[in-house]
1. If you go through the stretch 33-47 one residue at a time, how many are open to solvent by 30 Å² or more (accessible area, probe 1.4 Å) and either assigned to a strand (DSSP E or B) or charged (D, E, K, R) (or both)?
2. Given the options Thr76, Thr112, Thr67, name the one that is part of a loop (DSSP other than H, G, I, E, B), under 14 Å from the mean Cα position of the chain (by Cα) and more than 18 Å from His45 (Cβ to Cβ).
3. Could you tell me which residue of the stretch 79-109 is least open to solvent (accessible area, probe 1.4 Å), considering only residues that are aromatic (Phe, Trp, Tyr) and more than 15 Å from the chain's Cα centre (by Cα)?
4. For Thr112, work out the one condition from (1) at pLDDT below 95; (2) open to solvent by less than 30 Å² (accessible area, probe 1.4 Å); (3) within 30 Å of Lys30 (Cβ to Cβ); (4) hydroxyl-bearing (Ser, Thr, Tyr) it doesn't fulfil.
5. Being within 28 Å of Glu94 (Cα to Cα) and open to solvent by 70 Å² or more (accessible area, probe 1.4 Å) is the requirement here; does Lys30 meet it?
6. So, in the stretch 116-133, exactly how many residues are of a type in the set (Gly, Ala, Ser), surrounded by 15 or more Cβ atoms within 10 Å (Cβ to Cβ) and outside any helix (DSSP H, G or I)?
7. Within the group Ala69, Ala22, Ala37, which residue is closer than 29 Å to Tyr117 by Cβ and modelled with pLDDT of 90 or more?
8. With respect to Lys54, determine if the residue is under 13 Å from the mean Cα position of the chain (by Cα) and either among the polar types (S, T, N, Q) or open to solvent by 60 Å² or more (accessible area, probe 1.4 Å) (or both).
Amino acid sequence: IEAVSDIEGVAVFNLYDQQDAAFDVDEWSKIISDASALIYQFPFHWMAAPSLLKRWQDEVFTFLSKTPAVAGKPLTIVTTTGSEYEAYRFTTDELLRPYQVSAIHSGMSWQTPIVVYGMGTADAGKNIAEGANQYKQRIEMLIGSSNAGNNW
């Protein structure tokens, strides 16, 4: 989050800041309508997102999935894994397929995920620095290719 939160036009919403509250679908509809893209950033736990993101998807994204609020907007995943790439028997693209399907089903444009491997290894610091740089570059590229003034 630190790599992109200070980029002009980027709005960061941390679900954990409101984890005990009910999600306000009307408020989220406005937030997503005003955004140029949607990015899910989360640590990859047991081949899935944390339960709070799943709850947000169930309570908010399900409602918004067939509305102009999301139609045509890019959706990408930024995630970290505990293990190195070699530890997985499947590609991360395969493991993230449900998110791709939800993007397509909602009329969104699926973007290649950013995956930072090895958070549980000795190279974690190096890996996160490289991933943060890649994340920042992706956001700057997306902002440069979108309509000026929209939030991410």
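The values are calculated or read from the model by the stated rules, or taken from the named source; none is laboratory data. Because the structure is predicted, anything quoted here is derived from the model rather than measured. Cβ: placed from backbone, ideal geometry, glycine included. Neighbour counts: every protein chain shown. These accessible areas exclude ligands, DNA and RNA; they are computed on the full protein's heavy atoms, side chains included. Shrake-Rupley method; radii C 1.70, N 1.55, O 1.52, S 1.80 Å.
1. Of all residues in the stretch 33-47, those open to solvent by 30 Å² or more (accessible area, probe 1.4 Å) come to 33-34, 39, 41, 43, 45-47.
From what is left, the residues that are either assigned to a strand (DSSP E or B) or charged (D, E, K, R) (or both) are 34, 39, 41, 43, 45.
Total satisfying the criteria: 5.
2. Details: Thr76 fails: part of a loop (DSSP other than H, G, I, E, B); Thr67 fails: under 14 Å from the mean Cα position of the chain (by Cα).
Going through Thr76, Thr112, Thr67 in turn, the sole match is Thr112.
3. The qualifying residue least open to solvent (accessible area, probe 1.4 Å) is Tyr88.
4. (2)
5. Values: within 28 Å of Glu94 (Cα to Cα): no; open to solvent by 70 Å² or more (accessible area, probe 1.4 Å): yes.
Here the answer is no, as Lys30 does not meet what is asked.
6. Quick first cut of the stretch 116-133, residues of a type in the set (Gly, Ala, Ser) only: 118, 120, 122, 124-125, 129, 131-132.
Add one more test, that the residue is surrounded by 15 or more Cβ atoms within 10 Å (Cβ to Cβ), and what stays is 118, 124, 131-132.
Pick out the ones that are also outside any helix (DSSP H, G or I) and you get 118.
Qualifying residue count, the stretch 116-133: 1.
7. Values: Ala69 fails: closer than 29 Å to Tyr117 by Cβ; Ala22 fails: closer than 29 Å to Tyr117 by Cβ.
Selected residue: Ala37, the only one of Ala69, Ala22, Ala37 that is closer than 29 Å to Tyr117 by Cβ and modelled with pLDDT of 90 or more.
8. When the stated conditions are applied, Lys54 passes them.
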